[in-house]
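Contents: one structure, followed by commentary.
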Amino acid sequence: MRLSNPNPVAEAVAVEVDAVSAVDERDASLNGVVTPVETSAGTARLTRIRYWILVSSHAITDIYPAFIFSLMVALEARLDLTKAQTAFVIAINPIVSGLAQPFFSWFADRFNTRIFGPLGLAMGALCLGLIGHARTFDQLIALQVIGIAGIGVYHPIASAVAGRLSHERGKLMEGNLRRARGQGLSIFFAAGMIGGVLGPRVATFVNEASWLGLERLDLLILPGVLFAVVLWLAIRRTPHKDESVPQTISSSADRVPELGRKRFTIGVLFFVNSCRFLVNIGVIYLFGRWAETIHPQSVQQATTLHGYILSASAVGMGVSALVVGRYVHAGQERGAMILVSLLTAPLIFLMPFAGPISMALLGFLIAFGYFGLVPASISLAHRLLPGATSATASLLLGCGWAVSASAPFIGEALIERFGLFEAFAVFGILLALAGVLSFFLPADLIKSTADD
């Protein structure tokens, strides 16, 4: 099956239009001419297949970066890392991911290419699958930098394609356009959380199994590379942006109505998402330190517990994205961003006092605050600047992740100076700040884009 070339469908539509003008419906049918209903159904089917291949690729892609987070304690002991080096290992993920995205996103929008999605997946699978072979801190960082750069590059272009396919499917199926793009992106991001759940479980299983060992993470390289090829065949000819409008944020000053307000809105979304990602990366780091207080004498038990909590958080991220995508329609993002952030922030204050089960529950719940509305923010940015979908996604995802690189250092400094409770409390305040900043989003502008 060839998934990548939509031209036969377009040609069939042209043939049908010409045929109908010359002969009656019965003759057209006998001559094998594609009817409008058949054409629409075929296009919708092709769009659906492409979309679900893309969704599946996100689940596979997000397995690999979870190796770094879930093996933090084990890698620290294996390579004899200092606390500062461990914090750097955690911090390098969002730094590299964030800095890699803007250029490649601009390139993808400028030349209308999707190559960086499949290429990023292949790079991430190869390098992160090899971290078990690292014998020094420098080797680990080298593999991590290349692998995480690939994972980062994948996300803006893949999310742009997911948003476009969701919107097109909504139009073809005459669905609710106020829900189509946002819900499609929510499903796409929730699929990534499947990888976020599987990644820690796979990594800790390999770490614990005496007949495997960390070196055998390399067994997961081949599935990632093969699926990268499938993804390329599926999306290489799929448009990811609206080519009828300006392609960049900066070049459209005189042609996009209310451009200043749109830029302001995207700027606010950037700061809101930066707060969310700071909380996300911060609590990931603090979960590891908390696990060490539960199992102070066993690195392996602390690593396993850390992976268990990360999996619970990943489930919360996936569920929250699906819930928001289902119940928060286009135009309603502002109120949801305010409410959800302010309701979940107090839960972070309870975490230092939690046991393993209650910590897993709290990790699940706070994911609604720091992740559930991220897909909605991407959908909103795509509607505001439909000609620069990859660039806006890189700003809200990659640049936000880059800011969050400081979170492990903030967490470690707070623990050393004050204690674990105070460290969690600061990230609780940051999540509340995300809700407060959301008050500055212009409600009328957001509602005006609801049907786009």
Unique match (being under 17 Å from Ser377 (Cα atoms), modelled with pLDDT under 80 and either over 16 Å from the mean Cα position of the chain (by Cα) or of a type in the set (A, V, I, L, M) (or both)) among Ala158, Ala180:
Ala180
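When residues of the stretch 390-422 are filtered for being out of contact with any Lys or Arg (no Cβ under 8 Å at 6 or more places or on another chain) and either more than 21 Å from Ile266 (Cα to Cα) or open to solvent by less than 10 Å² (accessible area, probe 1.4 Å) (or both), how many remain?
First pass over the stretch 390-422, keeping only residues out of contact with any Lys or Arg (no Cβ under 8 Å at 6 or more places or on another chain): 391-399, 401-410, 413-414, 416-419, 421-422.
Next, from what is left, pick out any that are either more than 21 Å from Ile266 (Cα to Cα) or open to solvent by less than 10 Å² (accessible area, probe 1.4 Å) (or both): 392-394, 396-398, 404-410, 413-414, 416-419, 421-422.
So the count comes out to 21.
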Could you list, in sequence order, all residues of the stretch 207-221 that are buried (at least 20 other Cβ atoms within 10 Å of the Cβ) and either at pLDDT below 80 or of a type in the set (Gly, Ala, Ser) (or both)?
Asn207
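Residues Arg289, Arg334: which one is closer than 27 Å to Phe439 by Cβ, of a type outside the set (Phe, Trp, Tyr) and at pLDDT 85 or above?
Working: Arg289 fails: closer than 27 Å to Phe439 by Cβ.
Being closer than 27 Å to Phe439 by Cβ, of a type outside the set (Phe, Trp, Tyr) and at pLDDT 85 or above holds for just one of Arg289, Arg334, which is Arg334.
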For the stretch 138-158, state whether one or more residues are small (Gly, Ala, Ser) and surrounded by fewer than 17 Cβ atoms within 10 Å (Cβ to Cβ).
yes
What are the pairs with Cβ atoms under 6 angstrom where one residue, in the stretch 88-114, is modelled with pLDDT under 75 and the other, located anywhere, is surrounded by fewer than 22 Cβ atoms within 10 Å (Cβ to Cβ) and assigned to a loop (DSSP other than H, G, I, E, B)? Sequence gap at least six, or different chains.
Asp109/Gln247
Take Ala402 and decide whether it is in a helix (DSSP H, G or I), of a type in the set (A, V, I, L, M) and modelled with pLDDT of 85 or more.
no
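Taking the stretch 97-154 as the region of interest, how many residues are of a type in the set (Phe, Trp, Tyr) and closer than 20 Å to Ala228 by Cα? Step through it out loud before you land on a result.
Taking the stretch 97-154 first, the residues of a type in the set (Phe, Trp, Tyr) are 103-104, 106-107, 111, 116, 137, 154.
When the remaining residues are screened for being closer than 20 Å to Ala228 by Cα, the result is 104, 107, 116, 154.
Total satisfying the criteria: 4.
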Given the criteria within 19 Å of Phe189 (Cα to Cα), in contact with a helix residue (DSSP H, G or I) (Cβ under 7 Å, 6 or more places away or on another chain) and either open to solvent by 20 Å² or more (accessible area, probe 1.4 Å) or in a loop (DSSP other than H, G, I, E, B) (or both), does Ala330 qualify?
yes
Leu339 versus (1) open to solvent by 30 Å² or more (accessible area, probe 1.4 Å); (2) in contact with a Lys or Arg (Cβ under 6 Å, 6 or more places away or on another chain): which is the lone unmet condition?
(2)
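In this structure, is Ile266 in a helix (DSSP H, G or I) and either β-branched (Val, Ile, Thr) or at pLDDT 85 or above (or both)? Let's see the steps before the verdict.
On the way: in a helix (DSSP H, G or I): yes; either β-branched (Val, Ile, Thr) or at pLDDT 85 or above (or both): yes.
Answer is yes for this residue.
Restrict the check to the stretch 83-90 and report whether at least one residue is of a type in the set (Gly, Ala, Ser) and surrounded by fewer than 20 Cβ atoms within 10 Å (Cβ to Cβ).
Taking the stretch 83-90 as the starting set, the residues that turn out to be of a type in the set (Gly, Ala, Ser) are 84, 87.
Imposing the further condition that a residue be surrounded by fewer than 20 Cβ atoms within 10 Å (Cβ to Cβ) reduces the set to 84.
The answer is yes, given that some residue of the stretch 83-90 is of a type in the set (Gly, Ala, Ser) and surrounded by fewer than 20 Cβ atoms within 10 Å (Cβ to Cβ).
The values are calculated or read from the model by the stated rules, or taken from the named source; none is laboratory data. As the structure is a computational prediction, the values presented were derived from the model and not from experiment. Note that each Cβ is placed from the backbone with ideal geometry, even for glycine, and that neighbours are counted across all protein chains shown. SASA here: full protein model, heavy atoms, side chains in, ligands and nucleic acids out. Shrake-Rupley method; radii C 1.70, N 1.55, O 1.52, S 1.80 Å.
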